[in-house]
Amino acid sequence: MVIILGIANRSGPSIDDPAPPPPGLGPLLPSETPRDERILVEIDAPKSGIGTAFASNASGQWVTARHVVDSCDQVGVQIGARQLLRIDETLIDETADIAVLQSGWSRKPLAADLTSQRQIGETGYFFGYPQGRPGEVVGRLMSRGRMQIRGRYDTDEGVLIWSEVARTSGLRKSLGGLSGGPVLDKDGEVIGVVAAETPAMNGRRRGRVYTVTPRSLSRVLATSGTVPVPIDMDSYPIAADRLRRDRRIAQVVCLNEDS
């Protein structure tokens, strides 16, 4: 299966298609098994691009997706219309689609829940900059999978698979640019990072979003002490706007000398 990876939207708080009534939560998400769905991702040569990052501690650290920044000559975080924060150091996770960006500019970190067992059918809220503009997506947790990245680098990691149920009004087709954005649960806590997507298939199947597992994310996130704010289908666009306005979620810019 070919997955469209993020490159770094938003035209208002409305949603194209209202989400169906939340289904009853299913069983606890089972443990990883060799039978988990395999997702093949091909990453081409390095190029300039954009993605999403979020504040992960109070010491100037940000988390994003590895494939957004791993080959950048310079990484920046957009903290104003004309202000780009230069990243001092980029730390790459060699086993998962995660990167940590170290800067000299700190923001209040997002709260995280990396220990609770997830449930099939639970709601996830994906915030960031799809297609380079502010936007958000809502998904329902379906299952586990195994994402195999080949090309620029090779990794094999567990991911969570979500079925898309709602998105920002005016946001069509690819979610490129949402990569690196946080996945928040109903309690407003980070439970993953957006890694990849497959688009909807001519009305026959909803789009899929693939996210780094809480276990993988726990290697780079720690308890922040931040008090989370609960999120639901009515409040999530407001919550997303607030986090972006406070620059706790920001756009990542990857620049290369030959771009």
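The values are calculated or read from the model by the stated rules, or taken from the named source; none is laboratory data. Here the structure is a predicted model, which is why all the values come from computation and not from measurement. Note: ideal-geometry Cβ built from the backbone for every residue, glycine included; neighbour counts use all protein chains shown.
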(message) Just the residues that are farther than 26 Å from Ala55 by Cα and in a loop (DSSP other than H, G, I, E, B), please, taken from the stretch 115-152.
(response) Ile120, Gly121, Arg152
(request) Kindly indicate the residue of the stretch 122-155 that is of a type in the set (S, T, N, Q) and under 19 Å from Asp70 (Cβ atoms) and also surrounded by the most Cβ atoms within 10 Å (Cβ to Cβ) among those meeting that condition. (result) Thr155
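Return yes when Asp185 is under 24 Å from Asp70 (Cβ atoms) and either modelled with pLDDT of 95 or more or more than 16 Å from the chain's Cα centre (by Cα) (or both) and no when it is not.
no
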(message) Considering only the stretch 88-105, I want to know if a residue exists there that is farther than 19 Å from Trp62 by Cβ and either of a type in the set (Val, Ile, Thr) or assigned to a strand (DSSP E or B) (or both).
(response) yes
(message) If Glu37 meets every condition in (1) modelled with pLDDT of 90 or more; (2) in the same structural domain as Arg172 (by TED's automatic domain parsing); (3) surrounded by fewer than 14 Cβ atoms within 10 Å (Cβ to Cβ) apart from one, which number is that one?
(response) (3)
(request) Mind telling me which of the residues Gly158, Gly180 ends up being surrounded by 15 or more Cβ atoms within 10 Å (Cβ to Cβ) and on the phi > 0 side of the Ramachandran plot? (result) Gly180
(message) As an exercise: evaluate Leu85 against (1) touching a Phe, Trp or Tyr at 6+ places or on another chain (Cβ under 6 Å); (2) at pLDDT below 95; (3) in a loop (DSSP other than H, G, I, E, B) and give the number of the one condition it does not meet.
(response) (3)
(message) Which count do you get for residues in the stretch 26-65 that are assigned to a loop (DSSP other than H, G, I, E, B) and in contact with a Leu (Cβ under 6 Å, 6 or more places away or on another chain)?
(response) 2
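Yes/no per residue for (1) among the hydrophobic types (A, V, I, L, M, F, W, C); (2) farther than 24 Å from Pro228 by Cα; (3) at pLDDT 95 or above:
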| residue | (1), (2), (3) |
| --- | --- |
| Thr115 | no, no, no |
| Gln131 | no, yes, no |
| Ile149 | yes, yes, no |
| Trp162 | yes, no, yes |
| Gly176 | no, yes, no |
| Val190 | yes, no, yes |
| Val193 | yes, no, yes |
(message) Among the residues in the stretch 119-129, are any outside the structural domain of Leu217 (by TED's automatic domain parsing) and hydroxyl-bearing (Ser, Thr, Tyr)?
(response) no
(request) Could you grab me the full set of residues in the stretch 91-121 that are surrounded by fewer than 17 Cβ atoms within 10 Å (Cβ to Cβ) and in contact with a helix residue (DSSP H, G or I) (Cβ under 7 Å, 6 or more places away or on another chain)? (result) Ile92
